[in-house]
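Colleague: I am attaching a structure below and will ask some questions about it afterwards.
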Amino acid sequence: MSRKIPILLNVLAVAALGLFLWWAEHSLDGYKIQILNLIAVNIILALSLNLIYGFTGLFSLGHAGFMAIGAYVCSILILSPEQKDMLFLLEPAYDWVQHAQAPFFLAVIAGGAVAALFGILVGMPLLRLGDDYLGIATLGFAEIVRVVANNIPRLTNGALGFKGIPSHANLWWNFGWCLLTLYCILRLVRSNTGNVLKAIRDDEIAAKAMGVDVFRYKLLSFSIGAFFAGVGGALLASLVTTIDPKMFLFTLTFNVLMIVVTGGLGSLTGSVLAGVGITALLEWLRVVENPISFGSWELPGIPGMRMVFFSLALIIVILYRREGLMGMREVSWAGMLAAIGYKGKAQ
Amino acid sequence: MTQAMFIQHLLNSLTLGSLYALIAIGYTMVYGILRLINFAHSEIFMLGAYFVYWGLTLVHLPWPLALALSILVTAGLGVIIDQIAYRPLRDAPRISALISAIGVSFFLQNVAIVFFQAIPREVYRPSWLEDPILLGEVRLLPLTLFVPALSFLLMLGLIYVVYRTKAGLGMRAISKDIETSYLMGVPVNRIIALTFGIGSALAAASGIMWALRYPQLQPIMGVIPGFKAFIAAVFGGIGSIHGAVVGGVMLGFIEIMTVAFFPELAGYRDAFAFVLLIFILLFKPTGLLGVKPEDKV
């Protein structure tokens with residue numbers, strides 16, 4: 001098939017998404033728009049974890065930590081000095097925190113960059129560990145981030161966190177970043193570097209024997225994943241407008257892991273589909289937590305029920321469909337065209 | 001710091017340490033046999049405490065009976081979890097079972113939130129555990145003696161089972177080589193179930209004593225002690241029961257003594273264990289008493 005057709009189709013798909021967003025912005029209510037925003041952020045997070053775990057085989061449970069870093073950095077940069085005066089009640093902010101300012105786009109990048117920096121710092125020692133040890137160690141890192149955020153009130157306002165973060169993250173920003181993440185990670189996993197990452201995932205020792213500098217590639221993948229996790233955290237902060245250390249518990253990592261596993265480890269299409277499906281499902285499950293009335297009889301809302309269903313779903317997926325929705329397969333234009341019988345020129 | 005205060009801190013660390021050790025044993029036994037970090041273990045710990053609470057408040061059981069029943073029920077639960085969530089994944093990649101364990105952990109936690117509600121509850125303490133004894137200047141809660149003593153007895157019992165009985169021989173055989181154990185006629189699945197049962201019983205005992213010592217029950221009460229106990233197991237050398245005991249007690253000491261001597265670090269208390277974990281994994285990944293596994297190609 002000629003190279004032009006997929007490019008054309010991509011442009012069309014992006015245009016269709018743009019049209020849809022334009023329509024959504026004008027005709028959907030705030031709640032539905034919020035769900036769409038969450039979908040975009042969750043896709044970013046899932047793609048970044050999929051790069052780390054699905055494509056490189058690094059079982060990382062530190063996503064909440066990177067998200068927290070991105071969220072705090074971005075919030076500090078977009079809160080105005082007057083707001084910071086009001087927020088830092090316990091102790092005044094450090095001078096540089098008080099005066100740090102950046103436009104939203106740069107603030108998000110800064111959030112990602114600082115997260116990536118921490119990814120490198122943490123990855124250098126930890127990426128030598130295998131499998132579950134790496135998982136526990138990165139989980140430890142995320143917990144340390146949370147405890148530290150609780151204990152440096154001059155930087156993070158301690159347990160109170162930030163309120164009233166400017167809500168710049170609208171549909172356009174979120175989906176823009178979502179597309180950018182998808183593009184970057186897609187290019188990466190399809191490149192030669194991506195092949196090396198997959199080789200490391202499939203058999204690290206064999207990759208090493210082939211002369212691959214395994215550690216460097218692991219670090220690369222880990223820090224890029226951390227960057228996009230930071231970006232996701234930054235967007236989330238601006239989306240929900242309040243953050244505090246409690247928000248970045250292990251549950252957050254669990255949700256992202258759930259999306260990646262359900263979608264299929266090593267399938268970007270899977271992450272996107274599961275990102276949409278699971279975010280919508282999680283919102284829909286809020287129904288079971290709200291009181292339901294049948295005429296005069298009322299079923300009281302049960303807090304926690306949502307996560308019961310959710311974790312049960314994860315167990316069922318891992319027991320009965322371990323490869324997830326897509327396995328390692330991807331949906332591509334070429335594949336779709338072939339399916340409808342279109343035969344292009346041979347490559 | 002006065003001598004009396006120091007002795008009190010010492011006893012407190014011993015209490016906390018032995019509770020960590022009891023949980024750590026469960027982690028280390030399961031890891032030793034299946035190479036699985038049983039995330040649900042911290043929820044087992046929590047449920048053990050809750051079962052006693054419900055036994056006392058709902059059914060008005062006498063105290064010792066509630067204790068024994070709770071331990072039994074929790075042990076059974078541990079076995080059931082293994083049968084449902086881990087056994088089908090024995091031949092799957094290790095991480096699959098780990099994800100399943102994380103799922104079970106969240107499931108139990110949220111089931112507890114749904115059924116027990118998130119309100120903290122206080123467990124009843126018999127007065128003979130509560131009335132302080134004065135030894136010179138040292139004020140002693142009988143609990144701080146009772147907890148390490150009972151823990152010690154339980155550990156002795158466990159060591160007897162593992163090193164002096166046939167079932168224990170089976171456990172040790174499986175942890176060396178599961179395939180060969182099958183061939184040698186070890187009833188592998190039964191032994192694994194037994195391991196989960198014993199580990200869960202010890203976690204329940206620890207949860208009950210935890211609830212006596214820090215009398216607040218919450219559905220998320222298991223999370224932090226669970227993580228720390230796992231770290232204690234890694235610290236001592238995962239797979240080794242003696243290591244879990246040593247690691248647990250040492251972690252208890254590190255936590256209490258650091259806060260006692262550097263009160264300004266109190267806010268970071270929950271991070272000590274994780275920092276410790278990262279350092280151990282980097283410099284001595286086999287822990288204090290662990291054996292280095294060979295890399296098989």
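Colleague: Under 8 Å for C-alpha pairs, at least 6 residues apart: give me the relative contact order for the range A:29-279, rounded to a whole percent.
Modeller: 42
Colleague: Continuing with the same structure: Quote the relative contact order of chain B in percent (integer), defining contacts as alpha-carbon pairs under 8 Å separated by 6+ residues.
Modeller: 36
Colleague: Just tell me the longest site-free run in chain A, where the sites are chymotrypsin sites (Phe, Trp or Tyr not before Pro) in a DSSP loop having at most 16 other beta-carbon atoms within 10 Å.
Modeller: A:95-341
Colleague: Using the structure shown, list the pairs from A:246/B:284; B:166/B:284; A:218/B:284; A:208/B:284 with a Cα-Cα distance above 25 Å, or answer none.
Modeller: Going by Cα-Cα distance, A:246/B:284; B:166/B:284 fall outside the 25 Å limit.
Colleague: Here is a follow-up. Which of A:184, A:74, A:178 comes first, and how do the rest follow, when ranked by fewest Cβ neighbours within 10 Å?
Modeller: A:184, A:178, A:74
Colleague: Given labels modelled 7 Å from the Cα in the Cβ direction, how far is it in nm from residue B:119 to residue B:146?
Modeller: 2.6
Colleague: Quick one: check the C-alpha center-to-center distance for the range B:26-80 versus the range B:226-243, whole angstrom.
Modeller: If you average the Cα positions of each part, the centres end up 19 Å apart.
Colleague: Hey, another quick one. Quick check: pseudo-label points 7 Å beyond the Cα along Cα→Cβ at residue A:202 and residue A:5, how many nm apart are they?
Modeller: The two pseudo-label positions are separated by 2.8 nm.
Colleague: Where does the longest stretch of chain A lie that holds no trypsin sites (Lys or Arg not before Pro) found in a DSSP loop with 13 or fewer other Cβ atoms within 10 Å?
Modeller: After excluding every exposed loop site, the longest remaining stretch is A:4-320.
Colleague: Quick query: amide H of residue B:217 versus all other amide H atoms, modeled in the peptide plane; which residues come in under 5 Å with a sequence gap of 5 or more or a different chain?
Modeller: Distant-sequence amide H within range of residue B:217: B:121, B:122, B:123.
Colleague: Hey, how many Å between the Cα centroid of the range A:201-247 and the Cα centroid of the range A:122-193?
Modeller: Computed from Cα coordinates, the inter-centre distance equals 8 Å.
Colleague: Right, here's the next one. Write down the radius of gyration of chain A and its Dmax, each obtained from C-alpha positions, in Å.
Modeller: When restricted to Cα atoms, chain A yields Rg and Dmax of 21.1, 72 Å.
Colleague: Then there's this: Shielding of B:272-284 by partners, i.e. mean partner chain Cβ atoms within 10 Å per residue?
Modeller: Partner-chain Cβ atoms within 10 Å, mean over residues of B:272-284: 4.
Colleague: Turning to a different aspect of this structure: Let me know the mean shielding of A:311-322 by other chains, meaning the per-residue number of their Cβ atoms within 10 Å of its Cβ.
Modeller: What the average comes to for A:311-322 is 6.
Colleague: Okay, next question. Among A:85, B:82, what is the fewest-to-most ranking by other Cβ atoms within 10 Å?
Modeller: By the 10 Å Cβ count, ascending, the order reads A:85, B:82.
Colleague: Using the alpha-carbon atoms, what tilt in degrees (0 to 90, nearest 10) does helix B:223-236 show relative to the longest principal axis of chain B?
Modeller: That helix lies at roughly 70 degrees to the long axis.
Colleague: Based on DSSP H runs of at least 4 residues, each adding -39500 (n - 2.57), what is the mean residue ellipticity at 222 nm of the protein assembly as shown after dividing by all its residues, to the nearest 500 deg cm²/dmol?
Modeller: Result for the protein assembly as shown, helices only: -23000 deg cm²/dmol.
Colleague: Sticking with this structure for a sec: I need the phi-derived Karplus couplings for the range B:37-46: 6.51 cos²θ - 1.76 cosθ + 1.60, θ = phi - 60°, integer Hz, Gly and Pro marked x.
Modeller: Result, rounded to whole Hz: 7, 7, 4, 5, 4, 5, 7, 4, 4, 5.
Colleague: Another question, if that's okay. Can you give the local net charge around residue A:35? Use residues other than it whose beta-carbon is closer than 13 angstrom to its beta-carbon, Lys and Arg +1, Asp and Glu -1.
Modeller: 0
Colleague: Roughly how many debye, to the nearest 20, is the charge dipole of chain B about its Cα centre, given +1 on each Lys and Arg Cβ, -1 on each Asp and Glu Cβ, and no other charges?
Modeller: About 600 debye.
Throughout, read-outs are computed from the coordinates displayed, never taken from laboratory work. Remember, predicted model here, so these are calculated numbers, not experimental data. Every residue, glycine as well, gets a Cβ built from its backbone with ideal geometry; the counts of neighbours run over all protein chains shown.
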